[in-house]
Each structure stands twice: as structure tokens, then as C-alpha cells.
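Step one of this worksheet: look at the structure below.
The values are calculated or read from the model by the stated rules, or taken from the named source; none is laboratory data. Everything numeric here is computed off the predicted structure, so don't read it as measured data. With ideal geometry, Cβ positions are generated from the backbone for all residues, glycine too; neighbour counts draw on all protein chains shown. SASA here: full protein model, heavy atoms, side chains in, ligands and nucleic acids out. Shrake-Rupley method; radii C 1.70, N 1.55, O 1.52, S 1.80 Å.
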Amino acid sequence: MTEKIPVGILGATGMVGQKYISLLENHPWFEVSYVAASPESAGKKYSDAVVGRWHMQKDIPTGVEKLVVGNANHTDSALGNCAFVFSALELKDKKELMTLEEAYAKCGLPVVSNASAHRWTDDVPMIIPEINADHLDIIPQQKGARGYEKGFIVVKPNCSIQSYLTPVYALIKAGYDVSRLFVTTMQASSGAGHPGVPSLDLIDNVIPYISGEEEKTEREPLKIIGRIENGRFVNHKGLEISAHCNRVPVYDGHTACVSLYFKIDDPSLEAIIDIWNNFRSVPQELELPSAPKRPIIYRTENDRPQPRKDKDSENGMAVVVGRLRKDPVFDIKFVGLSHNTIRGAAGGGILNAELLKAKGYLD
Ligand code: NAP
């Protein structure tokens, strides 16, 4: 058996960091060798740093519980302890986070990030591997322009868009371009990180505001389905998105109710279901370890998808869709669902790293 690649987790004590640690237990290619968090956690044994806030269903993996938490602000502590880092950091100051992720890349450690800081950086790819694996082609330019020798930065998009963008992209790819998209999200409480939304605010309630979320939901898809031109990303044109984002009393699993208006042809409902059920892309062709065999699953029952029943489909990596029907104002409408801390966060980051490895960027 070839040796596993040692990986570091920045923000290892947070909601997403914990999910990374949990998902990477027994990963065939990667092994957690370094964990880092804020100065308050630094110096503690990992199991002590997360006392009273370990949210995963299984215990802390034995190899990780004894690791001493590093200070994520010190790149030197990571050097020599891992070959690349997953960034699950949440800093108040986005500029500071940008600079910190750049510092890791500069010192030779590739950064696979969940954070929003670099999503709009011109030469940083924002990847959903089923949609835009080819955007990794910008990495040599990013490294050249910034003088990075081994490091680089790759990010994943916001969790809110994962529940609908792959099904919409599958239709665009099949020749049914979309001009208008209206989406209402119902987002799980685990998406709010630590300390999250107070339970007294969320139980028996819906909060119709998540700071910055609607802007991300409306903008990020345009970069993801956009293209590279002269060494920078150019947004997809001709698609307008309007989003309402709500926090709901669900633990895991973001739901999106979507209406679409097609540019020219309006496919039949049967054709759409067929496109979704047969959609396969780069992660499936490369047989990446975390790739869902069926990236989009259509449920025929009229009361699905539901977070409790469907979020774990394909180990939490599939987008589950249902309730496809004609829309009297737009052309069609449907409901999409994805696991926000797996496909929408740590699982998505791991899939990005697997894609990077398979394409030779981590050699
Ligand atoms: P979180 O639970 O608040 O965790 C934040 C992590 O950052 C903790 O490990 C924390 O360490 C560390 N940190 C905080 N301040 C720091 C500082 N000054 N210096 C160094 N480290 C610091 O957040 P989360 O929900 O896991 O989210 C992590 C990132 O993923 C965020 O950028 C978020 O936007 C993104 N994201 C989250 C989700 C989701 O579903 N939750 C989905 C997609 C993307 P301490 O524990 O020591 O404070």
C-alpha cells in the first residue's frame, strides 16, 4: 500500500474542522497529521480543545485525539507536519483570513479552503468537481503570478448553492440554458458554525435572514459556471438569480425550492429526470474515493427530499431532488437537498483535494 499523504486541518476545532476529522478517518489517500485553531485552543491536546463541543456522532479518531493543536496563525507550525492544509477557519476579518491562507500557499503548502475569503479572488478557482474541474487549469498561472513554488489556493463555494447548482448545471450542459433562477433556501443550524444560532431563537421558529448568504447564493454560481479568460475568471452571462435564505430548525441538510426559466427550449419533465439520473462527471470518471456514484438522485415520492431521510444519500455527497413540476410563472420548479457539512463543506473540500491529487497537483 502506498503511504498516505499527511494533511493539516486549520480550524480543526470548529464545526467543519470536526467534520473533516471525522470524514478523514480511514481515508484511503489522506491522513490527518496536524490540527490548528485559534490561540485559545493552541497548545492543548485536541481532545481537550473540543471538550463539550465535539458534535460528531462518532468519537474522535484515536490518531487525532492526542495531537497537540497548533496556532493556525503560525504557518511555521504546519511546515514539515503536513503536505497540504484544509482551511476551515472562521476569522472575523476576511482580509486577515485572505492573508493567512496566502501565507500558507507562499510557504509551500497548498490550501484547500472552505472559507469565503478567496472565493472572488481573480485567479483562485471555486470548485464543485462535477461542474468545473477544468477551472483547476488556472493553478499554474496563480503560482507563477504570485511566486508560489509548491503552494496554491483552491476554494469551494458556499453550502447554500450545493443543493441546487449541480441539477441546474446538468440541464445547462444538456443544452437547456437557463436565464432566470429563483431560489428559497431552508438552511440547517449546523451551517452557522460555533456557537451557532441560540436554540431559543431557532426552536419553533424560522429566521428569514442569514448575513451575506443571499448575495453568495446569487453570485457564486456565475463564477462556477463561468470560464477562464486571459488568466482570470469571467462570470457566466445571461443567468439572473434571486435568492431568499432562511435558517430553519433542522440540524443538518440544506433544502432549496427552485424555479427555473429556460432561455429557449423547455425540456419535458421526463427528459429532465432522465438528465438528472444519468448525470455523471469528472469525479465519477476518475472514481475519486469520495465521489458519489450518483451525484444527482431524483426521488419520485411527492413528499421528498426531506433532510432527515435524504441528507445522507451517497454518504452525504449526493444532491437529492424531487417534486419536479411545471411552474405557472417560470417554466419548472423542483426541490433540492444536500448535506451542508458534508457535500456543502468538509466532504466537498475532501473531494476537491482528491481531484487535485488525481490531476497531479499534490505531487
Ligand atoms: P466555526 O465552528 O466557528 O469554527 C471556526 C474555527 O476557526 C475554529 O477552529 C476556531 O478555533 C478557528 N478560529 C477562530 N478564530 C480564530 C483566530 N483568530 N485564529 C485562528 N483560528 C481561529 O466555523 P465553521 O462553521 O466550522 O466554519 C468554518 C469555515 O467554513 C467558515 O469560513 C465558514 O464560512 C465555512 N463553511 C461552513 C459551513 C457549515 O456548514 N458550517 C459550510 C460551508 C463553509 P477555536 O475553536 O480555537 O476558536
One residue from Ser87, Ser77 being outside the structural domain of Ile228 (by TED's automatic domain parsing), within 14 Å of the ligand (Cβ to nearest atom) and open to solvent by less than 10 Å² (accessible area, probe 1.4 Å): Ser87
Scan of region 221-263 for residues that are over 16 Å from Ser160 (Cβ atoms), small (Gly, Ala, Ser) and in contact with a Ser or Thr (Cβ under 8 Å, 6 or more places away or on another chain), ordered by number: Gly238
So how many residues does region 104-113 have that are among the aliphatic types (A, V, I, L, M) and within 12 Å of the ligand (Cβ to nearest atom)? 1
Residue check: is Ser116 within 14 Å of the ligand (Cβ to nearest atom), open to solvent by 10 Å² or more (accessible area, probe 1.4 Å), touching a Leu at 6+ places or on another chain (Cβ under 9 Å) and not assigned by TED's automatic domain parsing to the domain that holds Lys92? no
What are the residues in region 227-258 that are farther than 30 Å from Val206 by Cα and part of a strand (DSSP E or B), if any? Arg227, Ile228, Glu229, Arg232, Phe233, Val234
Of the candidates Arg247, Arg294, the one satisfying the condition of being under 23 Å from the mean Cα position of the chain (by Cα), open to solvent by less than 40 Å² (accessible area, probe 1.4 Å) and not aromatic (Phe, Trp, Tyr) is Arg247
Specify which of the listed residues (Lys19, Lys58) is out of contact with any strand residue (DSSP E or B) (no Cβ under 7 Å at 6 or more places or on another chain), within 11 Å of the ligand (Cβ to nearest atom) and of a type outside the set (Ser, Thr, Tyr). Lys19
